[in-house]
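Q: Before anything else, here's the structure in question.
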Amino acid sequence: GLRVLHVGCCDDLDALADRLADGTCLFARLSREAQQCVGIDARREGVDLLRALGFADAHLPQHAPVAEDAPPFDICLVADALLHEDDPGAYLARLRRYRFRHLVVAVPDGRRRRRGTEAGRLTPQALWQLLIDAGYRPEQVELCLADDTSRRAKILPFDAGGADDATA
């Protein structure tokens with residue numbers, strides 16, 4: 001029943017069609033449950049596929065509906081989109097233009113997986129600081145101790161230790 005902005009809505013392009021077919025595409029699932037789900041992705045191929053399959057609220061960033069008179073989104077979900085950014089802090093700061101009440105960022109724990117981008121090396125502490133530097137006030141960071149986000153995953157809270165000024 002919430003208004004959701006899903007950044008990186010195209011998921012893994014190679015698996016998008018399969019995930020749409022088997023019901024595991026996050027954007028499709030959010031679109032069914034939310035009052036409104038607007039998707040943003042920089043990959044035209046994925047946005048075109050989603051739109052061709054009836055998801056009219058999938059957009060390239062430059063075409064995303066940003067209306068000053070519209071209420072803010074309840075949630076902005078950034079699911080793994082930071083992994084593809086060379087400067088994740090600047091990316092997070094640019095997202096503020098979309099107006100939302102809460103930001104949810106999902107990235108793999110950088111202590112377990114190494115990638116070439118800065119975002120691929122994000123530890124919980126680094127993510128916390130990155131959010132603060134981008135102008136956000138993080139409330140919590142949780143670690144998912146599994147290789148996927150299945151029901152087998154165990155969620156643990158992260159204590160930022162001394163980051164009192166960052167809590168909302």
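Q: Considering only residues of segment 54-81 that are modelled with pLDDT of 90 or more and among the aliphatic types (A, V, I, L, M), which is most open to solvent (accessible area, probe 1.4 Å)?
A: The qualifying residue most open to solvent (accessible area, probe 1.4 Å) is Ala56.
Q: Within segment 5-27, track down each residue that is of a type in the set (A, V, I, L, M, F, W, C), touching a strand residue (DSSP E or B) at 6+ places or on another chain (Cβ under 9 Å) and open to solvent by 10 Å² or more (accessible area, probe 1.4 Å). Spell out how you get there, then give the answer.
A: The first filter runs over segment 5-27 and keeps only residues of a type in the set (A, V, I, L, M, F, W, C), leaving 5, 7, 9-10, 13, 15-17, 20-21, 25-27.
Now narrow it down to the ones that are touching a strand residue (DSSP E or B) at 6+ places or on another chain (Cβ under 9 Å): 5, 7, 9-10, 26-27.
Within segment 5-27, just Leu26 meets the criteria.
Q: Name, by its number, the condition in (1) in contact with a helix residue (DSSP H, G or I) (Cβ under 9 Å, 6 or more places away or on another chain); (2) under 23 Å from Phe100 (Cα atoms) that does not hold for Gln35.
A: Going through (1) in contact with a helix residue (DSSP H, G or I) (Cβ under 9 Å, 6 or more places away or on another chain); (2) under 23 Å from Phe100 (Cα atoms) one by one, Gln35 breaks only (1).
Q: Related question: So, of the residues in segment 103-135 that are in a loop (DSSP other than H, G, I, E, B) and of a type in the set (Val, Ile, Thr), which turns out to be modelled with the lowest pLDDT?
A: Across segment 103-135, the extreme among qualifying residues is Thr117.
Q: Give, as residue ranges, the strands (runs of 3 or more DSSP E) completely inside segment 3-102 that count at least 2 residues that are free of Cβ contacts under 8 Å to residues at least 60 places away in the same chain and β-branched (Val, Ile, Thr).
A: Numbers: elements: 3-7, 36-40, 73-79.
It comes to 36-40.
Q: Here's something else I'd like to know. Kindly evaluate His84 against the criterion of being at pLDDT 95 or above, out of contact with any helix residue (DSSP H, G or I) (no Cβ under 6 Å at 6 or more places or on another chain) and surrounded by 15 or more Cβ atoms within 10 Å (Cβ to Cβ).
A: Values: at pLDDT 95 or above: no; out of contact with any helix residue (DSSP H, G or I) (no Cβ under 6 Å at 6 or more places or on another chain): yes; surrounded by 15 or more Cβ atoms within 10 Å (Cβ to Cβ): yes.
So His84 fails the test.
The values are calculated or read from the model by the stated rules, or taken from the named source; none is laboratory data. Everything quoted here is computed from the prediction, not taken from an experiment. Positions of Cβ are generated from backbone atoms using ideal geometry, with glycine treated the same way; all protein chains shown enter the neighbour counts. Each accessible area value is taken on the protein alone, full model and side chains, heavy atoms only, with ligands, DNA and RNA left out. Shrake-Rupley method; radii C 1.70, N 1.55, O 1.52, S 1.80 Å.
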